[in-house]
Amino acid sequence: MNAAEIFDAVRSLSIPAVLAAIKSGSDTSSIREWEGSVLEAAIRPNPLTTSNARNRIPASATQIIIIALLLTNGARHNPSNSPMGSAVTAAAYLEYVDILKALVEAGCSANPPPGRFGTPIIAAAEAGQIAAVKLLLEKGVDPNAISNEGLYRTPLEAAIKMSRSVKPLKVLMDAGAKDYGTVLEDKVKQRLVITFWMLFCVCIAI
């Protein structure tokens, strides 16, 4: 079975090419080193960019159809060595809620092993993706689960430390997310230091 064929077809976002690859027997659960799974390829056709998360570009109808085709033809959610670590994390980070919901309802874990972006809910909190955070919480993800990978240990830490993640903060705290007495303290200390230096510069200028 030719893994390259299914990856090339998915990354081209060509439904006929994907159907042809599936018909020829390509493994829909294939994984490529550093690129991830076929499902990840459908979510992020360009594996080198995560700009969609910042620009709030929604998933295309073609991507949603291709994900559905892959899932109905045996694609499995396999953790990978890609930066995202899993298709669920990629969908959460980019707030592709329709795809995220389809993956979880097809049996993919809503809380797979963390990658460089942490777990899906940490990745969503970091990117400020409130709809993705809500969906993962609805699917039973623990808002206090600690990740041993990535920049942030918990979703709340990611939401607090990333300025674009103010919106998920209340959602996480309403769901029972705890601060553990360190993250908010660090944020307060950081702001006090900035304020001190601003006052110091003003005094010098005067």
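The values are calculated or read from the model by the stated rules, or taken from the named source; none is laboratory data. Since the structure is predicted, the reported quantities are computational estimates derived from the model, not experimental observations. Cβ coordinates were reconstructed from backbone atoms using ideal geometry, including for glycine residues, and neighbour counts include every protein chain displayed.
Just to be sure, is Val202 modelled with pLDDT under 75, over 27 Å from Pro113 (Cα atoms) and surrounded by fewer than 14 Cβ atoms within 10 Å (Cβ to Cβ)? Yes.
May I ask you to verify whether Ser51 is small (Gly, Ala, Ser), at pLDDT below 75 and surrounded by fewer than 21 Cβ atoms within 10 Å (Cβ to Cβ)? Give the steps one after another, and end with the answer.
On the way: small (Gly, Ala, Ser): yes; at pLDDT below 75: yes; surrounded by fewer than 21 Cβ atoms within 10 Å (Cβ to Cβ): yes.
Here the answer is yes, as Ser51 does meet what is asked.
The residues listed here are Arg164, Arg153, Arg191; of these, the one that is modelled with pLDDT under 75 and either over 30 Å from Ala110 (Cα atoms) or part of a loop (DSSP other than H, G, I, E, B) (or both) is Arg191.
Tallying residues that are under 9 Å from the mean Cα position of the chain (by Cα) and more than 14 Å from Ala159 (Cβ to Cβ) within the stretch 121-135 yields 0. Screening Ile6, Ile43 for residues that are closer than 21 Å to Phe117 by Cβ and surrounded by 21 or more Cβ atoms within 10 Å (Cβ to Cβ) leaves exactly one candidate, Ile43.
For the stretch 167-188: of the residues being assigned to a loop (DSSP other than H, G, I, E, B) and modelled with pLDDT of 55 or more, which is surrounded by the fewest Cβ atoms within 10 Å (Cβ to Cβ)? Explain how you work it out, then say what you get.
Initially, the stretch 167-188 is screened for residues assigned to a loop (DSSP other than H, G, I, E, B), giving 175-182.
Narrowing the set further to residues that are modelled with pLDDT of 55 or more leaves 175-180.
Values: Ala175: 20, Gly176: 10, Ala177: 26, Lys178: 12, Asp179: 15, Tyr180: 14.
Among those that are assigned to a loop (DSSP other than H, G, I, E, B) and modelled with pLDDT of 55 or more, it is Gly176.
Can Glu126 be described as touching a Leu at 6+ places or on another chain (Cβ under 8 Å) and more than 15 Å from Arg44 (Cα to Cα)? It is true that Glu126 is touching a Leu at 6+ places or on another chain (Cβ under 8 Å) and more than 15 Å from Arg44 (Cα to Cα). Scan the stretch 101-122 for residues that are among the β-branched types (Val, Ile, Thr) and surrounded by fewer than 24 Cβ atoms within 10 Å (Cβ to Cβ) and the total you get is 1.
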